[in-house]
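The values are calculated or read from the model by the stated rules, or taken from the named source; none is laboratory data. Computed from a prediction, not measured in an experiment: that's the story for all the values here. As a convention, Cβ positions derive from the backbone with ideal geometry for all residues, glycine included, and neighbour counts pool all protein chains shown.
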Amino acid sequence: DQQVKQNSPSLSVQEGRISILNCDYTNSMFDYFLWYKKYPAEGPTFLISISSIKDKNEDGRFTVFLNKSAKHLSLHIVPSQPGDSAVYFCAASVRSQGNLIFGKGTKLSVKP
Amino acid sequence: DTGVSQDPRHKITKRGQNVTFRCDPISEHNRLYWYRQTLGQGPEFLTYFQNEAQLEKSRLLSDRFSAERPKGSFSTLEIQRTEQGDSAMYLCASSSPGLAVHNEQFFGPGTRLTVL
């Protein structure tokens with residue numbers, strides 16, 4: 001039973017346009033959400049996070065939106081750049097616990 | 001480089017052999033985590049330490065797996081009597097809830113294990 005779901009295995013976007021990556025979760029106890037980016041042969045790199053008390057967090061070109069009632073979050077990248085091409089993982093945690101629960105990832109391709 | 005480091009980066013072994021991996025966390029981080037990632041999946045949690053204490057273990061961590069963090073610094077993950085199903089990327093991460101507002105975990109490059 002997957003608690004964190006990324007239903008789109010891949011996404012292709014033109015350079016300069018917006019990339020929107022989506023993530024759904026089922027566990028209402030999750031109170032902290034993170035996005036990681038992963039290049040081949042490297043470990044995941046932390047990108048941006050959001051607490052359940054907020055509905056938006058922005059860091060440069062990256063914005064994460066959280067809709068708790070829908071148990072949905074999304075990552076917006078504007079403008080998209082070819083260097084953003086990677087696999088993006090959504091992760092969630094319960095603050096009192098140590099582990100992160102990851103989705104299966106979405107492979108983003110940004111075409112020049 | 002002061003990030004998380006893992007050794008070795010690649011390990012090929014025969015079924016039935018024992019393997020041991022090492023992780024060196026970011027120096028001021030007191031939490032250390034092990035995850036496993038297989039093709040097409042996200043990382044799956046195995047276990048984590050706060051200082052030298054192992055606080056949580058996943059049901060994925062069978063009795064053939066053991067992890068230690070003897071002095072609260074580096075950690076080792078040992079797999080005994082390896083099976084082909086153990087082939088995966090083993091990722092280590094560290095964090096410091098005392099310093100960070102939230103529990104961002106920082107990952108190492110991983111050790112890719114292939115069991116023949």
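Among the candidates B:E52, B:E56, the residue that is modelled with pLDDT under 95, acidic (D, E), surrounded by 13 or more Cβ atoms within 10 Å (Cβ to Cβ) and in contact with a Lys or Arg (Cβ under 7 Å, 6 or more places away or on another chain) is uniquely B:E52.
Within region B:31-43, not a single residue is assigned to a strand (DSSP E or B) and more than 12 Å from chain A (Cβ to nearest Cβ).
Conditions: (1) within 14 Å of chain A (Cβ to nearest Cβ); (2) buried (at least 20 other Cβ atoms within 10 Å of the Cβ); (3) not charged (D, E, K, R). B:T82 meets all but one. Number of the miss? Answer for B:T82: the failing condition is (1). In the set B:L77, B:L91, B:L32, only one residue is surrounded by 13 or more Cβ atoms within 10 Å (Cβ to Cβ) and in contact with a Gly (Cβ under 6 Å, 6 or more places away or on another chain); that residue is B:L91. Collect the residues in region A:1-20 that are more than 10 Å from chain B (Cβ to nearest Cβ) and within 19 Å of A:L100 (Cα to Cα), keeping them in residue-number order. Within region A:1-20, A:D1, A:Q3, A:K5, A:N7 qualify.
Residues of region A:33-56 that are without any contact (Cβ under 8 Å) to a residue 24 or more places away in the chain and facing chain B (nearest Cβ under 10 Å): A:A41, A:E42, A:G43, A:T45, A:F46, A:S49, A:I50, A:S51.
In region A:42-60, the residue that is nearest to A:S85 (Cα to Cα) out of those that are buried (at least 16 other Cβ atoms within 10 Å of the Cβ) and among the hydrophobic types (A, V, I, L, M, F, W, C) is A:L47.
For region A:31-39, the count of residues that are at pLDDT below 95 and surrounded by fewer than 14 Cβ atoms within 10 Å (Cβ to Cβ) is at least one. Applying the criterion of at least 1 residues that are of a type outside the set (A, V, I, L, M), touching a residue at least 24 places away in the same chain (Cβ under 8 Å) and surrounded by 18 or more Cβ atoms within 10 Å (Cβ to Cβ) to the strands (runs of 3 or more DSSP E) found wholly in region A:62-112 leaves A:86-93, A:106-111. For region A:23-32, a tally of residues being without any contact (Cβ under 8 Å) to a residue 60 or more places away in the chain and either within 13 Å of another protein chain (Cβ to nearest Cβ) or in a strand (DSSP E or B) (or both) returns 1. When B:L91, B:L77 are screened for being under 22 Å from A:F102 (Cα atoms), at pLDDT 95 or above and either in a loop (DSSP other than H, G, I, E, B) or within 14 Å of chain A (Cβ to nearest Cβ) (or both), only B:L91 passes. The set of residues in region A:46-91 being hydroxyl-bearing (S, T, Y) and modelled with pLDDT of 95 or more consists of A:T63, A:S69, A:S74, A:S80, A:S85, A:Y88.
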